[in-house]
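Everything below concerns the one structure shown next.
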Amino acid sequence: MKRTFLATACFALLLAHAPGALADIRLTDTIPIGPQVKVGKLPNGLTYYIQKNGRPEKKLELRLVVKAGSILEDDDQQGLAHFLEHLAFNGSAHFKPHELTDYLQSIGVKIGADLNATTSFDETVYMLPIPTDKPDNIDKGFQVLEDWAHGLTLADADIEKERAIVLEEARLGKGAGERMNKIVMPKMFNGSRYAQRLPIGQEAVIKSFKPDVVRRFYRDWYRPDLMAVVIVGDIEPARAEQLVKAHFGAMKNPSPERPRSYAPISARAATEAVVATDKEASGNAVMIRYPVREARERSTFGAYREKLVDLLFSSMLNQRLQELSQQANPPFIGGGSSLGKLTPRYKSYGAAAALGKDGAAPALAALVQENERARQFGFGEAELERSKKNFMRMMERQYNERDKTNSISYVNEYTRNFLEREEIPGIENEYAYARELVPGITLAEVNRYARATIPSNSARLVVYTGSSNGATPTPSPGELLAWVDAAAKAKVTAHEEKQVASSLMAKAPAPGAIVAETADKALGLTTLTLSNGVKVILKPTDFNNDQVFLSASRPGGLTQFAEKDIVNARYASAIVDSMGLNGLSPLDVQKALAGKVAGAGLAIGQYIDSVGGSAGSSDIELMLQMVHLRFTTVRRDEDLYKSYLGKHVEAARNVMAQPAAVFSDALIGTMYKDSPWVARPPRPADFSNLDMDRAIALYKERFASARGMTFILVGSFDVEKVKPLVATYLASLPTPDLPLAVRDVGVRPVRGVVKREVFSGSEQKSQVAINFSGPAKFSEDEQMRVQALIDVMNLRINDILREKLTLIYSGRMSGSLEKVPYEHYAIGMSLPTGPANVDKTIAAAFAEIAQMKESGPSAADLAKVKQNWIQVHRRALRENAYWLHELQSAVMLGTDPAAILAYEEKVAAITAQDVQAAAARYLDTNNYVQVVLYPEKK
Ligand SMILES: [Zn+2]
């Protein structure tokens, strides 16, 4: 029941079939475990969770959750909890090294760098999604889980090989953030062991530990009393339970057993400040941390009710902080404050802000004073009502989707139950509890909670992190403390709540009409032609119960404008969006929509104009109103424009101090010969060309007309009920003439072999990019062949560059065949590595390319790619977002959407020869751009 919710949304109109209210809830009672899940414990102490769930179909999510992480490492084991997680894929009782990944890939599971396991301070979680179309898969899946739990080989040779890969992973984490963290973490954790046990560990240990040292960690901590097996999906619960007993029943706890204790964090006794700056830092920030409190989780209704109070409190406080950031001259770019979880056993109240041009002083003042204002004066009835509506609508949506919820979200819930004792009553019950408890939460109670929760006069840690470039002077610890002190002493007054509108549109527009209608039975589409010429495709589905997506696009984009307007056109839709809608500021829109779920926006892309929207099923009209208003109105607000501009200038200020930005800038500049039409990482100077009124004029030039748009709606709606709404809000859109052809402004990648080196960053980090591009005949079939080439190359990059040569931790090829603005392809490889390994990495990459041209992919690799595509596609066929995307692209490319249903045949038709030929066609070693990032020269 983890709840985070943002304020957007409505009238909590409860559905007719909503559960009845409970007779009464006794706050001292324990919240029961819901009937949807079977929770059990084996005699050896291993916990299991089992739930049968039908979404997605024919899939089983398995997890092995171990309550052990880096915090349990001995001094000679620093980094080995994580190292052990890597070794879980390198040989076990039933799978030789590589056999496990080979097997998983062969059944369609895609392996990413660390995609299927994570290690943190207090836990390690192994994830295994199993397609159940072959009955054997389930048994094998449990075998994998069992091997992880107590069957790892941990052979010397596999450990030796993995060292370089883990060191490459550590290299990726280095940089400004990591360097500043080293200064801040010991203070944050107030001297606790947590600061000394970052999961990535110590390089010296990773390089030289003796194999027995990691085996000791495995023996000590991978034991049944610290483990849970979570099973959700396509399986009969009785069978799942049988499999758990068969695979895990024989495990024994080691004897003697080391105590699994949680590292203490002592409450801060004295106020202090810490300043950490770095010349590669991207921006400046402040944070205030108050003393830790123990997170004593009680699973009673009383504790649950308190959690609800805390949620309402946090959403109101953060709404106020968001409001501050939208002033013309805001105290910070963005800020937040709440009581958050620091570790499984500790919470801490904190406040943080990203700084604007005026630096830390106004930001700290605003954070402290907003908290003081809430502590002294509390909140208002209107604020509380809005928060309750938003919360209840969120709960209602989860309830509505109760039979359409993905297995993964259940798995995550049960994992948190095991690790953090989060309650799991099931959404039917939880929604009933919320309906019973939320209305009774009074303003006086929330205000009492605010007084008790917001610390006053307590010790605190003030943290400043930022750039040492000198654009903003770095404050001293003494200054930080003085500013916080002064702010705490300053007098605050009660928050003033402005009257807000209750609707977006006072009066509906005069409706147009639907003039033609056709149906496509096979795809389940209804296509409407409206009286203004606009088309609408409706695809009602039962994939979800409370979800509707909308999109539309047409040729257009910023390339329609003259070169001098590029910057204004690029930012035009974001600027207009930042100023609100139809007379209301963005925050007033949020307030007016409390309890509703609807949003819509227009965007000027590179070569297209587009519309995007989403809504809950009861809020479709609202979403269409928003679409209508975005076409027909622009709200001009100089203060919000200044706020928008200030944030972007500030975000761009240190961009070129970051090695990743320098690299990407060099790559784009080299590829496209510095064409002004291609976006680069933005510099502050770019924004000096922005002009609010010009941006508005360009926005209006494109969006004063809806001509050429085909709107697509996909989701849980009734076609007959949507038709009158479409006639009212879309058929009434103006459609005067405007240019509707793609304008090719002549952006072309450089030809021939072009190599460039760039130098940035102080860490020993490099990045290699090798990009192939050029003209190519477009077709959907060819697009699939390009994708097949890319995916088999990714298998090779992982098998050879990572696993065999240990040159990289992660690295991949990506790309596509494009039709617009001319038919072409663009395929790139991105390979992060160490400076000393750059030449070897490039040579290895080209050797794989040569191999692919020479012999094509292996039958096994191509089969792995196809199996994964088919698995992904079968699931996607039950997703609204997938249909929206496919229908949209068929409209734009002029292709037949029926291809969606012929997908598996098309996949089957791809041969190894096709991929080999694609390699020869596209990976042309006489035509590519290679850019390499090296550390800056000393
Ligand atoms: Zn890792």
Given (1) modelled with pLDDT of 95 or more; (2) under 30 Å from residue 756 (Cα atoms), index of the condition residue 937 fails: (1)
Going by what's in this entry, would residue 205 be described as modelled with pLDDT of 95 or more, within 16 Å of the ligand (Cβ to nearest atom) and out of contact with any helix residue (DSSP H, G or I) (no Cβ under 6 Å at 6 or more places or on another chain)? yes
Which of the following residues is at pLDDT below 95 and either in a helix (DSSP H, G or I) or crowded, with 18+ Cβ neighbours inside 10 Å (or both): 921, 875? 875
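Would you be able to say whether some residue in region 38-49 is surrounded by 18 or more Cβ atoms within 10 Å (Cβ to Cβ), more than 24 Å from residue 143 (Cβ to Cβ) and at pLDDT 95 or above?
Step one: list which residues in region 38-49 are surrounded by 18 or more Cβ atoms within 10 Å (Cβ to Cβ), which gives 42, 46-49.
Applying the additional criterion that residues be more than 24 Å from residue 143 (Cβ to Cβ) yields none.
No - not one qualifying residue is present in region 38-49.
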Does residue 55 qualify as being assigned to a loop (DSSP other than H, G, I, E, B), at pLDDT 90 or above and crowded, with 19+ Cβ neighbours inside 10 Å? yes
Across region 813-857, what is the number of residues that are free of Cβ contacts under 8 Å to residues at least 40 places away in the same chain and either within 16 Å of the ligand (Cβ to nearest atom) or of a type in the set (Ser, Thr, Tyr) (or both)? 2
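Any chance region 531-543 includes a residue that's basic (Lys, Arg) and in contact with a strand residue (DSSP E or B) (Cβ under 6 Å, 6 or more places away or on another chain)?
Restricting attention to region 531-543, the residues satisfying the condition of being basic (Lys, Arg) are 535, 539.
Retained after the next criterion (residues that are in contact with a strand residue (DSSP E or B) (Cβ under 6 Å, 6 or more places away or on another chain)): 535, 539.
Yes, that holds for at least one residue.
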Matching residues in region 34-68 (without any contact (Cβ under 8 Å) to a residue 60 or more places away in the chain and within 16 Å of the ligand (Cβ to nearest atom)) number 0
Within region 101-123, does at least one residue satisfy the condition of being surrounded by fewer than 23 Cβ atoms within 10 Å (Cβ to Cβ), within 13 Å of the ligand (Cβ to nearest atom), part of a strand (DSSP E or B) and aliphatic (A, V, I, L, M)? yes
Hey, could you check region 428-484 for residues that are under 17 Å from residue 314 (Cα atoms) and in contact with a strand residue (DSSP E or B) (Cβ under 8 Å, 6 or more places away or on another chain) and say which is modelled with the lowest pLDDT? 455
Check region 166-183 and report whether any residue there is within 13 Å of the ligand (Cβ to nearest atom) and either part of a loop (DSSP other than H, G, I, E, B) or modelled with pLDDT under 95 (or both). yes
Filter region 795-829 down to the residues that are part of a strand (DSSP E or B) and more than 27 Å from the chain's Cα centre (by Cα), then identify the one that is farthest from residue 664 (Cα to Cα). 824
What number of residues within region 310-326 are farther than 25 Å from residue 443 by Cα and either out of contact with any helix residue (DSSP H, G or I) (no Cβ under 6 Å at 6 or more places or on another chain) or assigned to a helix (DSSP H, G or I) (or both)? 1
Breaking point among (1) modelled with pLDDT of 95 or more; (2) over 30 Å from residue 881 (Cα atoms), for residue 739: (2)
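Residue by residue through region 548-565, note down the ones that are assigned to a helix (DSSP H, G or I) and surrounded by fewer than 20 Cβ atoms within 10 Å (Cβ to Cβ).
Going through region 548-565, the residues assigned to a helix (DSSP H, G or I) turn out to be 558-560, 563-565.
Passing the criteria: 563, 564, 565.
Working only within region 527-547, note down all residues that are among the acidic types (Asp, Glu) and either surrounded by 15 or more Cβ atoms within 10 Å (Cβ to Cβ) or within 30 Å of residue 694 (Cα to Cα) (or both).
Selection gives 546 alone.
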Those residues of region 69-92 which are away from the ligand (no atom under 16 Å from the Cβ) and part of a loop (DSSP other than H, G, I, E, B), in sequence order: 74, 91
Per-region count, region 245-259, residues under 15 Å from residue 226 (Cβ atoms), in contact (Cβ under 8 Å) with a residue 40 or more places away in the chain and not basic (Lys, Arg): 3
Restricting attention to region 368-427, and to residues there that are farther than 22 Å from residue 302 by Cα and of a type in the set (A, V, I, L, M), which single residue is surrounded by the most Cβ atoms within 10 Å (Cβ to Cβ)? 368
Scan (1) on the phi > 0 side of the Ramachandran plot; (2) modelled with pLDDT of 95 or more for the single condition residue 210 breaks and write down its number. (1)
Exactly one of these conditions fails for residue 419: (1) out of contact with any Lys or Arg (no Cβ under 7 Å at 6 or more places or on another chain); (2) in contact (Cβ under 8 Å) with a residue 60 or more places away in the chain; (3) over 30 Å from residue 548 (Cα atoms); (4) not basic (Lys, Arg). Give me its number. (1)
Are any residues in region 260-285 among the polar types (S, T, N, Q), part of a loop (DSSP other than H, G, I, E, B) and touching a residue at least 40 places away in the same chain (Cβ under 8 Å), and if so, which ones? 266, 271, 282, 284
Exactly one condition in (1) under 18 Å from residue 200 (Cβ atoms); (2) more than 16 Å from the ligand (Cβ to nearest atom); (3) without any contact (Cβ under 8 Å) to a residue 60 or more places away in the chain is false for residue 95; which is it? (1)
Could you figure out which of (1) in a helix (DSSP H, G or I); (2) under 30 Å from the mean Cα position of the chain (by Cα); (3) surrounded by fewer than 18 Cβ atoms within 10 Å (Cβ to Cβ) isn't true of residue 845? (3)
Take region 332-358 and flag every residue that is part of a loop (DSSP other than H, G, I, E, B) and surrounded by 20 or more Cβ atoms within 10 Å (Cβ to Cβ). 332, 333, 355, 356
Over region 476-526, the set of residues of a type in the set (Lys, Arg) and either surrounded by 15 or more Cβ atoms within 10 Å (Cβ to Cβ) or more than 30 Å from residue 582 (Cα to Cα) (or both) is 489, 491, 521
Residue match in region 758-776 (condition: away from the ligand (no atom under 16 Å from the Cβ), surrounded by 17 or more Cβ atoms within 10 Å (Cβ to Cβ) and over 24 Å from residue 666 (Cα atoms)): yes
Subset of region 585-599, residues in contact with a strand residue (DSSP E or B) (Cβ under 9 Å, 6 or more places away or on another chain) and among the aliphatic types (A, V, I, L, M), comes to 589, 592, 593, 594, 597, 598
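The values are calculated or read from the model by the stated rules, or taken from the named source; none is laboratory data. It should be emphasised that the depicted structure is a prediction, and the values quoted were computed from it without experimental measurement. Cβ: placed from backbone, ideal geometry, glycine included. Neighbour counts: every protein chain shown.
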